[in-house]
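The values are calculated or read from the model by the stated rules, or taken from the named source; none is laboratory data. Owing to the predicted nature of the structure, the values given are computational and were not obtained by experimental measurement. As a convention, Cβ positions derive from the backbone with ideal geometry for all residues, glycine included, and neighbour counts pool all protein chains shown.
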Amino acid sequence: MRNPFVNPFTIRQWLLSSLCWVGSCLAGFCGITYGMMKLLPDNGDLVGWVLFGSAIGVCVLMWRRVIAIGWQLRLAGEPAWLVVCGGVWRLLLTFLLFLSVVLIGVGILIRSGS
């Protein structure tokens with residue numbers, strides 16, 4: 001039996017694993033953010049750099065485990081509605097990833113300039 005979270009082969013497996021990866025990455029990022037804000041409320045610089053680092057880590061995980069795999073899937077033989085849902089989800093994730101990378105870059109430039 002194949003583990004769909006390691007290497008999904010169908011659009012259904014990819015959609016399930018991508019939703020799980022997105023949810024776990026966002027939950028992890030929110031947990032790190034909350035923990036850093038509670039542990040170090042007065043040290044804004046350290047919190048900012050840790051958040052930037054964890055945001056970069058989330059982007060790398062999202063690219064490697066979700067987006068890159070989604071663009072390599074073969075869609076032959078899948079129902080049309082599932083292909084459309086998968087395509088919209090891939091485009092949305094790709095757009096949000098590139099937006100996140102740009103915002104992280106802008107944030108690092110602003111933080112290093114001040």
Against the condition loosely packed, with under 15 Cβ neighbours inside 10 Å, modelled with pLDDT under 90, part of a helix (DSSP H, G or I) and not basic (K, R), how does L51 come out, does it pass?
no
Which one is nearest to L61 (Cα to Cα) among residues in region 1-30 that are aliphatic (A, V, I, L, M) and at pLDDT 70 or above?
V22
Scan region 8-24 residue by residue and report those that are within 13 Å of Q72 (Cα to Cα), in a helix (DSSP H, G or I) and among the aromatic types (F, W, Y).
W14
Flag if R64 is assigned to a loop (DSSP other than H, G, I, E, B) and loosely packed, with under 14 Cβ neighbours inside 10 Å:
no
Evaluation of Q72 against (1) surrounded by 11 or more Cβ atoms within 10 Å (Cβ to Cβ); (2) within 16 Å of Q13 (Cα to Cα) (one fails), failing number:
(1)
Working only within region 75-91, note down all residues that are surrounded by 17 or more Cβ atoms within 10 Å (Cβ to Cβ) and either without any contact (Cβ under 8 Å) to a residue 12 or more places away in the chain or among the basic types (K, R) (or both).
R90
Please enumerate the residues belonging to region 67-76 that are part of a helix (DSSP H, G or I) and either of a type in the set (A, V, I, L, M) or over 12 Å from T94 (Cα atoms) (or both).
I67, A68, I69, Q72
Among the residues that make up region 66-83, is at least one of them at positive phi and modelled with pLDDT under 85?
yes
